[in-house]
Number of protein chains: 2
Amino acid sequence: MRFTIDKEQFLKGLLIASHGIGAKSVLPELLCFKLELTDAGLDIEASGSDLTIWTLVPSKINGTEIIRNAQPGATLISAHVLTEVIRKMDGKEISLEVIDNRIAKIEDGTASFKLNCISAGEYPDISNDKNGVALVMPCAELAKLCEQTAFAAFEKDTRPILTAINLSAQGGTLTAIATNSARLSRKEVSIDPSVRFVANVPAKSLVEVTRLFEGAEEVEIVVAPKKILFSFGTTLVSSRVFEDDYPVNGSIVPQSFNYFLSVNAAQFLNAIDRVSILSRDHGTVVKLSMDEDRVEVSSSGDQTGSGVERLAAVQYTGSRLDIAFNALFVTQAVKAVGSEDVTLCFTAEMKPFVVKNPNDESIVELITPMRTR
Amino acid sequence: MRFTIDKEQFLKGLLIASHGIGAKSVLPELLCFKLELTDAGLDIEASGSDLTIWTLVPSKINGTEIIRNAQPGATLISAHVLTEVIRKMDGKEISLEVIDNRIAKIEDGTASFKLNCISAGEYPDISNDKNGVALVMPCAELAKLCEQTAFAAFEKDTRPILTAINLSAQGGTLTAIATNSARLSRKEVSIDPSVRFVANVPAKSLVEVTRLFEGAEEVEIVVAPKKILFSFGTTLVSSRVFEDDYPVNGSIVPQSFNYFLSVNAAQFLNAIDRVSILSRDHGTVVKLSMDEDRVEVSSSGDQTGSGVERLAAVQYTGSRLDIAFNALFVTQAVKAVGSEDVTLCFTAEMKPFVVKNPNDESIVELITPMRTR
């Protein structure tokens with residue numbers, strides 16, 4: 001294999017693929033990129049425990065030559081070292097030649113590197129077949145769905161299924177649900193009514209995928225047995241899915257409420273942020289005390305003291321109600337609904353409550369209150 | 001104690017004093033600021049294992065009232081909590097009142113906090129007497145001295161004395177030396193010839209002090225038994241000193257050399273940075289190969305491969321010489337001498353070599369080469 005390539009395009013491809021490299025792998029091959037040069041361009045493949053990424057640096061972009069002096073072939077090179085070497089080289093063009101299937105000689109006219117290679121035959125054979133149920137949607141819509149739900153999943157858990165986002169397509173609606181069992185996010189998006197699937201995608205995978213969208217307009221989602229694929233631009237990402245049933249569905253969100261608080265989101269978040277300074281010693285519990293005359297946010301800690309703040313720009317409907325909650329959960333929920341004013345709807349003191357965008361019914365955040373001592 | 005204070009000035013004082021709080025302390029008092037209100041203003045005191053800081057928020061600045069409604073007194077409040085509370089309060093003015101020596105009530109018109117206090121009598125009595133040998137110098141000069149030497153000390157070591165900067169004033173010169181035994185920095189500054197002292201100041205203390213200079217022009221240094229004081233603006237910092245003798249002096253820097261390399265600093269640093277990607281697996285060793293025709297920087301790693309780069313803008317005087325070195329030590333030394341071109345002077349292959357600024361004899365960096373395998 002031999003080629004001369006535009007440095008910026010090469011680096012861009014390496015940086016996309018590097019999201020596929022797992023932090024730890026016992027197999028040295030899986031710490032490598034698989035580089036494969038064909039007439040179409042340079043294909044870079046990277047595979048970790050959850051994700052596999054294929055991205056193509058095309059031979060030409062809009063008629064401009066990106067790759068020249070091409071002699072097809074394939075090899076494996078340490079992902080970290082190759083990315084760092086290419087990032088730090090100064091030249092506008094870089095030439096790479098694999099010698100004896102063992103050494104990749106990389107030059108830009110100033111610096112010269114000889115990097116150890118592994119034969120491409122050592123790489124696991126990972127299928128990128130796109131056989132399954134397909135759905136095409138705008139990248140921006142999938143990115144928004146991910147941003148509004150992924151945070152609500154567990155990062156790590158004894159119940160791995162709760163680290164997933166439950167995606168279900170049915171009756172013209174794609175519903176995304178994420179929960180850590182103390183809070184839940186649900187987002188709905190209109191889609192082609194003929195598409196029907198269910199997939200539990202690791203929340204981290206979906207976050208990685210949406211980070212790679214840069215510039216792409218549309219993403220094709222393919223739900224296949226044991227995996228889900230995302231195809232956009234010249235990049236294809238495959239993620240494993242959880243095959244267990246997802247433990248909850250959207251119907252646990254209450255439909256009717258007895259108390260309603262409408263509040264300016266920024267003011268509410270600032271007040272929570274300020275008073276929660278004091279409660280760090282027992283998990284950042286903040287209390288909301290509401291009646292028709294005043295709405296207060298307060299918090300306290302054994303070691304530190306107490307803080308209280310009256311909210312100015314509020315509207316409250318209902319009798320007196322005190323609710324304590326995890327400050328982080330409410331903060332993330334208010335940010336996720338993404339509106340200037342948010343509405344909080346309660347049924348009773350110890351029952352889960354809802355955070356809503358008054359102008360967007362597609363997103364709902366559900367939070368379980370905490371007991372105060 | 002009671003006062004109403006300008007928020008920005010209060011926060012500024014708290015942030016200065018917070019540099020004096022040690023990361024870990026078993027005494028709850030030492031995790032507190034001591035606040036003491038007098039006619040002059042609000043004195044904030046903080047003390048950790050190496051440093052004690054006193055900073056004054058004056059009652060008036062240029063005729064503008066900073067503190068009003070003052071009722072003198074003193075108390076101890078958690079440094080972390082108080083700083084966070086004041087940082088996050090929105091009001092332009094903040095009032096603080098200590099009730100029953102137990103609770104500090106802090107208000108800005110929107111939020112209201114009650115922070116737990118400790119009686120001021122619990123605070124250790126740390127002297128801020130300025131009895132000793134005094135030297136006044138521009139803050140910028142001490143900051144530069146610190147920047148050019150402190151990095152060469154050990155951060156942590158079994159020989160604590162090597163975490164210090166050795167400051168010695170004698171014969172009109174203040175000499176600063178720092179070493180980790182594999183490299184050494186020496187900086188000289190002209191001073192009043194009548195001043196004579198020696199002090200081994202923890203490098204970290206000096207770095208902290210110079211970070212607090214913001215806006216101050218001159219610093220008074222007072223060397224007293226067992227401590228050194230730095231006084232600037234309305235702030236006084238006391239640091240412990242090491243009483244052991246410093247193990248080296250400036251005379252270990254060689255005076256005559258056999259090989260001279262003059263090189264563009266930026267190009268040299270870039271080349272080291274690039275080739276050292278490959279040698280991370282054995283401590284970032286980089287090799288310099290010099291003869292009259294070419295000067296090359298190279299590096300290699302067992303796992304990764306090798307890299308070599310020819311330096312363009314160089315001038316070399318001497319016969320063929322190969323020197324291997326710790327890439328970090330040379331990088332820091334080249335940055336510390338702070339010139340566009342740097343001169344490296346060698347005596348022999350395995351002997352310590354020197355990095356110099358060709359236009360500034362006051363700073364010298366000495367580095368011990370490494371063996372390559």
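Since every read-out is calculated from the coordinates, none of them should be taken as a lab result. Quick caveat: nothing in here was measured; it's all calculated off a predicted structure. Don't worry about glycine lacking a Cβ; one is built from the backbone with ideal geometry, like all the others, and counts go over all protein chains shown.
A few comments on the model shown:
- A simple charge model with +1 on the Cβ of Lys and Arg, -1 on the Cβ of Asp and Glu and nothing else charged puts the dipole of the protein assembly as shown at about 1040 debye relative to its Cα centre.
- For the stretch B:356-366, backbone phi angles converted through the Karplus equation (6.51, -1.76, 1.60; θ = phi - 60°) give residue-by-residue couplings of 10, 8, x, 10, 8, 6, 6, 10, 9, 10, 10 Hz, Gly and Pro being listed as x.
- Value in Å of the Kirkwood radius, where the stretch B:11-70 supplies the Cα pairs that are averaged: 12.2 Å
- Put simply, the protein assembly as shown fits an ellipsoid with semi-axes of 50, 48, 18 Å; these come from the alpha carbon gyration tensor as the roots of five times its eigenvalues, largest first.
- The rotation axis that maps chain A onto chain B passes nearest to the beta carbon of this chain A residue, listed with its distance in whole angstrom: A:23, 14.
- Relative contact order computed over the stretch B:2-122 (Cα-Cα under 8 Å; 6+ residues apart), in percent: 28 percent
- Under 15 Å from residue B:144, Cα to Cα: aspartates and glutamates that are on another chain or at least 8 residues apart: B:188, B:208, B:214, B:217, B:218, B:360, B:361, B:365
- Centre-to-centre separation between the Cα atoms of the stretch B:233-305 and those of the stretch A:1-39: 32 Å.
- Sequence-distant residues sharing a close amide H with residue A:360 (under 5 Å, placed H): none
- Nearest-first distances (nm) between copies at residue B:159, label 7 Å from Cα via Cβ: 5.9
- Per residue, the protein assembly as shown reaches -5000 deg cm²/dmol at 222 nm when only DSSP H runs of four or more residues are counted, each adding -39500 (n - 2.57).
- When you filter the trypsin sites (Lys or Arg not before Pro) in the stretch A:1-65 for DSSP loop state and at most 13 other Cβ atoms inside 10 Å of their Cβ, you are left with A:24.
- For residue B:258, inter-copy separations between label points set 7 Å beyond Cα along the Cβ vector come to 9.4 nm, shortest first.
- GluC sites (Glu not before Pro) within the stretch B:147-231, DSSP loop, no more than 14 other Cβ atoms inside 10 Å: B:155, B:214, B:217
- All lysines inside 19 Å of residue B:130 as judged from Cα atoms, apart from same-chain residues fewer than 8 positions distant: B:226, B:227
- Once divided by 2.2 N^0.38 Å, the Cα radius of gyration of chain B becomes 1.21.
- Distances between copies of residue B:27, taken at a point 7 Å out from Cα along the Cα→Cβ vector and listed shortest first: 5.9 nm.
- Long-range Cα-Cα pairs in the stretch A:2-122 (distance over 18 Å), rounded percent: 47 percent
- Taking the convex hull of Cα positions in the stretch B:124-216, its mean projected area over all directions (nm²): 7.2 nm²
- Normalised by the number of residues in chain A, the mean separation of alpha-carbon contacts (under 8 Å, six or more apart) gives a relative contact order of 12 percent.
- Here is the list for the stretch A:92-200: trypsin sites (Lys or Arg not before Pro) lying in DSSP coil, each with at most 10 other C-beta atoms within 10 angstrom of its C-beta, are A:92, A:156.
- With the charge dipole of chain A set up from +1 on Lys and Arg Cβ and -1 on Asp and Glu Cβ about the Cα centre, the Cα lying farthest toward the positive end among the listed residues A:236, A:62, A:298 is that of A:298.
- Dipole magnitude for the stretch B:253-367: computed about the Cα centre from +1 point charges on Lys and Arg Cβ and -1 point charges on Asp and Glu Cβ, it is near 140 debye.
- Projected onto its three principal axes, the C-alpha set of the stretch B:223-373 covers 55, 36, 30 Å, listed from the longest axis down.
- Counting every pair of alpha carbons in the stretch B:295-341, the share spaced more than 12 Å apart comes to 75 percent.
- The dipole here belongs to chain B: it is taken about the Cα centre, uses +1 on the Cβ of Lys and Arg and -1 on the Cβ of Asp and Glu, and is about 660 debye.
- The stretch A:128-179-the stretch B:137-188 distance, computed between alpha-carbon centres (Å): 56 Å
- Candidate lysines - alpha carbon under 21 Å from residue A:88, same-chain residues fewer than 8 apart omitted: A:7, A:12, A:34, A:105, A:114, B:287, B:335
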